[in-house]
Amino acid sequence: MAANKETTGVIYKCPLCFNNYIDVPVDTFEDGKYHCVKCGFVGTKEELLQKYAEIRDRYKLRNTRITLEEQRKF
Amino acid sequence: MQMYELQRKVGHDLGFKSTIFIGLDFLRDKEMVERLKTDRDNYGDEIAVWLTSDSKAGGGQVWLIRREDKKRVVKNSIDAYIEAFGHAPKSVGNYVMDADLIEIVKEYCPEVEACVAGCFEEGVKVFHGCNNSWYLFSEGMPWGPWYPSKTHSARPAKNYDDWAGVVAVPHLSRDLVLGFENRNDFFASHPANIQRGLANEGYSHEYDYNLCDQYRMQKDFNDGMSYYQMHVSPGWLSRNFNIIDPDKITQTLYIETLQYIAELRDNGEVEVLTFNEFAKEYKKQVEIGKPTVAFAKDILMGSGKQYYWICNPGHRLLVDTFQGGSIGDLRPYAGEYAAVTGPDAKNGRYLYNTYPYIIQSQYRTGYKTHSTDGTRTTLIMSHGGESLDMCDYNTTVEAINNNGNIQQLVLKPVEVKFSDGFTAKIQTVYDFLNDGNILITRRVLSKSDALGELLLQEYVKASYGFIEYPEDMKDITLYCDGEKVIDYTYRNTQYKKEGGKEVSALIPEISTEVVLRPETVASVVTVREGNLFSPYFTLTAEHIVNEDVKEIKTWLQIKKLQV
Ligand SMILES: [Zn+2]
């Protein structure tokens, strides 16, 4: 899977596959959009980033520090 | 190499003694060996062997090759190590080491004391997550260090004679909740993998610290002992195709997580050891057969879920408080199922260093969601012709008590209400014995009407398996009071006996017998096979809760079946 050229080496993954925790890189095609080899996802970079933000949202405590003492009472 | 240099510098700047695992290529690289020797002498680093397959064996992974190939690979690596460093290695490892590989290492190089030998629940979910390309099936083992047995490296030894002779450690420390519910690789003591799972947000990575503390908390339940390990290959820190974040973020999260551990060390909260130092310390502090428990609380999703894990030589078991405190995962170690991996493994189970389950509610349904329920336990509570299922109620952990080799779990009482208004308050208590015996106590704390009718049925639905698909069950036989009553033929037959003393299932494929035995004679016991659309067996024991009955006790026993 080639690196997406305009993204300084970052290889994006398919957000639809990732919804089920399946890691599949997406590639850019001639239409300039990202396509998934495993499923029917197609989208722009903006759509990709938006979907990643939605995926992160499932981790409601991702920005919350829960110290040892707090975990004991959790 | 640049990333290795980064790791080396960060480790030494923080005053860590690291264990550096290297494969055969680097063991034969003179320049690399000189650098490693310098670090060993100046910083106390330990140099260990990362065992890898070779082309003669067909490549792939070292635990998945033939026994004769494992022997050659071990010999070549150990010989190269001795040639390079002038002494034998003390630690070796790979993602998985099966019983054969450990035996071969120990025979060829008795000086080896520590092995990286497996990783908690790495298997089906990681396989799926890697788009079905990561053929590593090693589930059903301890989440922390263990003394591997001679016949299955995932099973902790029951005594000295049963012990393979090394201290095994997991490759990483996995989230004790998400390792069960989700991908074992994303949610682990490996900052780059957490980025891979998108559980950071740029430079914000609280979960790395929270996970470390999840493991620190386990000291509370294990006589002050808990183990946490970061094991990161240089390739994860730059241009790793799995990670969306820029390298700067990846490297910063790695460094900051190590800084947190250094801070804990400086405050005397944790001790930082090399593998070999740890193995020595573990042998001093932990005797063979000692149970380990874990109290797992969700620290990422925000679900409020709690699980309880117990691991002893008799079983590894998970209690799911969200399903009424039923058993959600049970690995019957007392059955001493023996396995090695590789093309010469028995029964065609080439791939599985998994210790088989008899209950696995993630792979084999658990509480009914679609067609029928699957592997699980529960308590069926009946009154006035109506039955309620304990799995419908949430509870939480009230107490975790440690009585030497008997571990006790007390759950918060659950109040159940029937449609005619009758209520009962029931508390579940588990006692886990080291030999695979589990005592389930259901305390009837109150009933809204002391004379009201109440029937309590202990219910165990099980099967056996390694992955999510069912195995052939035709060799299973079902017994009642010592008499064979059903040969498993997928006909959904049930056998019922009033005043029965015990029901059991014999599973020759995994050399295991599962017994449900009420402490006092039950009013009715039943045993049932399944069919191909519901490939399970069910054992039940029902009690009438009269006015004078304050609790019922039932043994769930795991025994070794001579086959
Ligand atoms: Zn896709």
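Each value in this text was obtained by applying a stated rule to the coordinates, not by laboratory testing. It should be emphasised that the depicted structure is a prediction, and the values quoted were computed from it without experimental measurement. Positions of Cβ are generated from backbone atoms using ideal geometry, with glycine treated the same way; all protein chains shown enter the neighbour counts.
Summary table below
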item: DSSP-defined beta bridges in the protein assembly as shown - what % are antiparallel, rounded to 5; result: 90
item: Test item: B:204-215 mean partner chain Cβ contacts at 10 Å; result: 4
item: Across B:Lys106/B:Lys346; B:Lys158/B:Lys280; A:Lys60/B:Lys219; B:Lys106/B:Lys461, pairs whose alpha-carbon gap is larger than 31 Å; result: B:Lys106/B:Lys461
item: Candidates A:Asp31, A:Asp23, A:Asp57: whichever shows maximal mean-square fluctuation once chain A is modelled as a Gaussian network with Cα springs under 10 Å; result: A:Asp31
item: Candidate lysines - alpha carbon under 18 Å from B:Lys37, same-chain residues fewer than 8 apart omitted; result: B:Lys9, B:Lys17, B:Lys90
item: Scattering profile of the stretch A:5-73 at q = 0.14, 0.22, 0.26 Å⁻¹ [log10 I(q)/I(0), Debye over alpha-carbon scatterers]; result: -0.51, -0.92, -1.18
item: Dipole magnitude (debye, nearest 20) for chain B, charges at Cβ of Lys, Arg, Asp, Glu; result: 740
item: Whole-angstrom gap from the stretch B:342-414 to the stretch B:112-180, using each part's C-alpha centre; result: 20
item: Chain B pair-distance distribution - Cα-Cα, 20 Å bins, rounded %; result: 21, 52, 23, 4, 0
item: Cα pair distances of the stretch B:131-228 binned at 5 Å [whole percent]; result: 2, 12, 18, 20, 19, 14, 9, 4, 2, 0, 0
item: Distant alpha-carbon pairs in the protein assembly as shown (separation over 46 angstrom), percent; result: 19
item: Evaluated at q = 0.13, 0.14 Å⁻¹: base-10 log I(q)/I(0), Debye formula over Cα of the stretch B:2-290; result: -0.93, -1.11
item: Taking the convex hull of Cα positions in the stretch B:469-563, its mean projected area over all directions (nm²); result: 6.6
item: B:Ser523, B:Ser53 arranged by Cβ crowding within 10 Å, fewest neighbours leading; result: B:Ser523, B:Ser53
item: Stretchable slack from B:Ala88 to B:Asp449, in nm (0.36 nm times residue separation minus alpha-carbon distance); result: 122.8 nm
item: C-alpha center-to-center spacing [the stretch A:27-74, the stretch B:7-68] in angstrom; result: 34
item: Convex hull of the stretch B:242-401 built on C-alpha atoms - directionally averaged projected area, nm²; result: 16.4
item: q = 0.09, 0.12, 0.15 Å⁻¹, the stretch B:306-560: log10 I(q)/I(0) [Debye, one scatterer per Cα]; result: -0.38, -0.68, -1.07
item: Note, ³J(HN,Hα) from phi for the stretch B:300-309, Karplus 6.51, -1.76, 1.60, rounded to Hz, x at Gly and Pro; result: 10, 7, x, 7, x, 5, 10, 10, 10, 10
item: Mean projected area (nm²) of the alpha-carbon convex hull when the stretch B:315-378 is viewed from all directions; result: 5.2
item: Other protein chain Cβ atoms within 10 Å, averaged over every residue that makes up A:52-65; result: 6
item: Choice from A:Tyr21, A:Tyr34, A:Tyr52 showing the highest fluctuation, given a GNM over chain A with Cα pairs closer than 10 Å; result: A:Tyr21
